[in-house]
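Undergrad: Mind having a look at this structure? Questions to follow.
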Amino acid sequence: MHGLESSITTEDRAEGGVNGYTHKILKATTYPNLVLSRGVTGTDSLWSWYDRTARGIIVRKHGTIMLLDAQRQPVMWWDFLDALPVKWTGPAFDAAQDGQVAVESLELVHRGLVKPMLNKVAQAARIVGSLLK
């Protein structure tokens, strides 16, 4: 997975009579495409969503990306909003020969990321739990 980022574009504005300083005016927040990857399974959900979108059946979806600890418990997560698939990449056909896992990926455009409040509650509970051990 990559593309979990956000940035705010700025515009430079010079102030009249002040040559040594330029104001940075905040503009739009931008989000690059998210690229989700996974080992190929018998489940066709990623391909089906992409295929339906390519055929004009547009269904935007929200989703969650979770960071898991060694015990596979969520440590932190981010929600992405109103995503649409714009690129699907299938497995390389030489993966089986090289003993590698066959991987597919789905690239998503989306309308932003949020870090839910429950995230902070879960982090606080983990800290308290580690202190009690």
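Undergrad: Of all residues being modelled with pLDDT of 70 or more and of a type in the set (D, E, K, R) in segment 92-108, which is farthest from residue 60 (Cα to Cα)? Just the residue, please.
TA: Within segment 92-108, the match that is farthest from residue 60 (Cα to Cα) is 94.
Undergrad: From the list 26, 68, 81, pick out the single residue that is hydrophobic (A, V, I, L, M, F, W, C), on the phi < 0 side of the Ramachandran plot and surrounded by 13 or more Cβ atoms within 10 Å (Cβ to Cβ).
TA: Sole residue among the options that is hydrophobic (A, V, I, L, M, F, W, C), on the phi < 0 side of the Ramachandran plot and surrounded by 13 or more Cβ atoms within 10 Å (Cβ to Cβ): 81.
For (1) in contact (Cβ under 8 Å) with a residue 60 or more places away in the chain; (2) touching a helix residue (DSSP H, G or I) at 6+ places or on another chain (Cβ under 6 Å); (3) of a type in the set (Gly, Ala, Ser); (4) in a strand (DSSP E or B), each residue gets a yes or a no:
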{"residue": "9", "(1), (2), (3), (4)": "no, no, no, yes"}
{"residue": "13", "(1), (2), (3), (4)": "no, no, no, yes"}
{"residue": "42", "(1), (2), (3), (4)": "no, no, yes, no"}
{"residue": "47", "(1), (2), (3), (4)": "no, no, no, no"}
{"residue": "50", "(1), (2), (3), (4)": "no, no, no, no"}
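Undergrad: All but one of (1) surrounded by 11 or more Cβ atoms within 10 Å (Cβ to Cβ); (2) at pLDDT below 95; (3) closer than 23 Å to residue 119 by Cα hold for residue 47; which doesn't?
TA: Answer for residue 47: the failing condition is (3).
Undergrad: Looking only at segment 68-91, which residues are farther than 29 Å from residue 56 by Cβ and either free of Cβ contacts under 8 Å to residues at least 24 places away in the same chain or part of a loop (DSSP other than H, G, I, E, B) (or both)?
TA: Within segment 68-91, 68, 69, 70, 71, 72, 73 qualify.
Undergrad: Oh, and also: Considering 126, 111, which residue is assigned to a helix (DSSP H, G or I), in contact with a strand residue (DSSP E or B) (Cβ under 8 Å, 6 or more places away or on another chain) and either among the charged types (D, E, K, R) or at pLDDT 95 or above (or both)?
TA: One residue alone meets the criteria, 126.
Undergrad: Hey, among 40, 18, 59, 35, which residue is surrounded by fewer than 10 Cβ atoms within 10 Å (Cβ to Cβ), among the β-branched types (Val, Ile, Thr) and either under 20 Å from the mean Cα position of the chain (by Cα) or over 18 Å from residue 112 (Cα atoms) (or both)?
TA: Exactly one of 40, 18, 59, 35 is surrounded by fewer than 10 Cβ atoms within 10 Å (Cβ to Cβ), among the β-branched types (Val, Ile, Thr) and either under 20 Å from the mean Cα position of the chain (by Cα) or over 18 Å from residue 112 (Cα atoms) (or both), namely 18.
The values are calculated or read from the model by the stated rules, or taken from the named source; none is laboratory data. Since the model is a prediction, treat every value here as computed from it, not as a measurement. Positions of Cβ are backbone-derived with ideal geometry, glycine not excepted, and every protein chain shown enters the neighbour counts.
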